Ligand SMILES: [Zn+2]
C-alpha cells in the first residue's frame, strides 16, 4: 500500500530503535527549546494518543469532533491554517482521511507529518475483499495494534523534541500499560459471547480488526468507507443472514445516520425474526469531551460492553 516517505521514516525509526531521529528529521527544526509543542491531529483517537504521550509538554488540537466521519471529512480553511501553524501533525493514514490526502501531503513537505497507522506491521494490516484488497484503516479497534500507533507518537515526539524524550517515554509506558489492561478487559468480556452469536452487524465495516483480534465475524452494510451508499440489495442480503442466524441484535454507529441499519431491522422483521438495535457503537469518532467515551479507552469499553450486553442477552452492560 502507498506510504508517505515521512511515515516510512517512523517505521524505520521503530526498526532502528530509539535514540536516532526519523529519516528526514534534519529537515525540520529541533523543538527542544520551544515552550510547548503544538500538535494537530485528525481523528479523536489519534488526538487522544498524542495527549497521553505528550502530557503537559504538548498542546493538541483535534480536527474531527464527536460524530464526524473521517472518510468524508474535508479540511476547512481554518483547519488548513491550524495545520500550517502546527509543529507536528499526526493522522491515522491507511487512507482513512481520504478527502484530506492532498492537504496532508502538501503540508508534509513543510511540517513533520506522521501517519500513525503506518507504524503497524504490514502483515497485520487487513486487506478485505470487500475493499478490493486495499488497506482497512480502522486499526484502533484492535487494542494490541493501537499500541503500535501510540509507539509511533512516542518516537516522533522524542525525535522532534529530544530534550524531553524521557518524558515522552515515561508517559507512553504508562499509557501502553493502560492499553494492555484494556486489551485484557476486551478479551475477557468478549469470551462471554457464545459461539453461535459471535457476529457483529453494523452500518459499515469499521470492526474488521475488532473481529480479527477478538474472534467475531463482522458484517457491514456498507463497504469499508462510508462513501459507498448501501443499496436495497445489500439490505436484503443482510436481512437474510440475520434471520438465518437468528441474531439477537444489530448495531448503529455514532458517525453514521441510523436509517440504514433501521431499514435492515425492518427487513428482518418481514422475515419473521425480531432483531433488536443493540445500541450505538462508536466507530470512527470519539464521544463528547468530558464523558468517558470522549477518550479512546472509554470508547472501546463502551463498545465492548454494548456488544457483549446485546449479544449475550440479559441486559448487561
Ligand atoms: Zn470507517
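Note on the chain: percent of Cα-Cα distances in each 20 Å bin, starting at 0 and stopping at the bin with the largest distance, equals 33, 54, 12, 0. Here segment 5-186 is described by how far its Cα atoms reach on the three principal axes: 48, 41, 30 Å, from widest to narrowest. Between the Cα long axis of helix 44-54 and the first principal axis of the chain there is an angle of about 40°, rounded to the nearest 10. The residues 240, 183, when put in order of fewest to most other Cβ atoms within 10 Å, stand as 240, 183.
By how many degrees, between 0 and 90 and to the nearest 10, does the Cα long axis of helix 296-312 differ from the longest principal axis of the chain? Value to nearest ten degrees: 10.
Taking Cα atoms only, the orientation of helix 5-16 departs from the longest principal axis of the chain by about 80 degrees. Report the normalised scattering of segment 63-102 as log10 I(q)/I(0) at q = 0.15, 0.19, 0.21, 0.26 Å⁻¹, calculated by the Debye formula with identical scatterers on the alpha carbons. For segment 63-102, the Cα-only Debye profile gives -0.34, -0.56, -0.69, -1.03. Directionally averaged projected area (segment 262-317, Cα convex hull): 4.6 nm².
The residues 40, 114, 252, 268, when put in order of fewest to most other Cβ atoms within 10 Å, stand as 252, 268, 40, 114. Applying D = kT/(6 pi eta Rh) to segment 191-312, where Rh is the Kirkwood radius over alpha-carbon pairs, T corresponds to 37 °C and eta to 0.692 mPa s, the Stokes-Einstein value obtained is 226 µm²/s. Overall form of segment 75-151: prolate. Here a/c, set by the Cα gyration tensor axes a ≥ b ≥ c, is 1.5 or more, and a/b is the larger of a/b and b/c.
Computed from the coordinates by the stated procedures, all read-outs in this text should not be read as laboratory data. What you are looking at is a predicted structure, and each value in this text was computed from that prediction instead of being measured. Methodologically, a virtual Cβ is constructed for each residue, glycine included, from the backbone with ideal geometry; neighbour enumeration extends over all protein chains shown.
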